[in-house]
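Participant: Right, I'll just put the structure down here and ask away after.
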Amino acid sequence: MVDDEPLNLDLLRRTLQRDFDVAVASSAAEAVTWLDAEAGAVAVVLCDQLMPGRSGTELAAEIRERWPGVKFVLVTGVDEAEEVVAAQKAGLLDEVVAKPWRGAQVRERLKELAAEAGAAAEAA
C-alpha cells in the first residue's frame, strides 16, 4: 500500500492484514525502493492517487514497465480526473477504487487480483 496519509495507511492495513501480507510505503519513491528488493513477493499494489512528489498514476506507469506482473489498484476521490482516465486507457490500472471505499469490496477485489497475478506467474 502506498499513501502519504498515515491514518489511511493504518486503516487499510487493519482492513487487509487478516487476508494479506501487507507492506506500506508513504511515497512513490519508498514503494519503488521496496519493490526493487521485494518485487517477487508482491502481487498487488494499492496506491492513493494524490501524493506529494509523484502521483499514483505516475507510479503505476513505472510499475507496469518494471514489474509487469504486479497488479495495480488506484484509490482516488477524483475518479473522473483526466490523468486517471488516461492511465486506464493506457492499461496502467487494474482497478480504480473510489473514495470513500468499503473494506469488504476492496478486500474481495484484491483477492481476485492476487489470484490473477499468481496464475499469470505460474503460467510464465
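The values are calculated or read from the model by the stated rules, or taken from the named source; none is laboratory data. This one's a predicted model, so the numbers in the text were calculated from it and none came from an experiment. Virtual Cβ from ideal backbone geometry, glycine too; neighbours counted across all protein chains shown.
Participant: For Gln105, only one of the following conditions fails: (1) at pLDDT 95 or above; (2) out of contact with any helix residue (DSSP H, G or I) (no Cβ under 6 Å at 6 or more places or on another chain). What is its number?
Facilitator: Of (1) at pLDDT 95 or above; (2) out of contact with any helix residue (DSSP H, G or I) (no Cβ under 6 Å at 6 or more places or on another chain), only one is false for Gln105: (1).
Participant: Another question, then. Which residues, taken from the range 1-11, are of a type in the set (A, V, I, L, M) and either out of contact with any strand residue (DSSP E or B) (no Cβ under 6 Å at 6 or more places or on another chain) or outside any loop (DSSP other than H, G, I, E, B) (or both)?
Facilitator: Residues satisfying the conditions are Val2, Leu7, Leu9, Leu11.
Participant: If you don't mind, another one. Limited to the range 32-50, what total is found for residues that are of a type in the set (A, V, I, L, M), buried (at least 20 other Cβ atoms within 10 Å of the Cβ) and closer than 20 Å to Val84 by Cα?
Facilitator: The qualifying residues number 3.
Participant: Counting only residues that are touching a residue at least 60 places away in the same chain (Cβ under 8 Å), give me the helices (runs of 4 or more DSSP H) lying completely in the range 12-124 with at least 1 of them.
Facilitator: Fully inside the range 12-124 and qualifying: 103-123.
Participant: Within the bounds of the range 20-31, is there any residue that is within 20 Å of Val84 (Cα to Cα) and buried (at least 19 other Cβ atoms within 10 Å of the Cβ)?
Facilitator: yes
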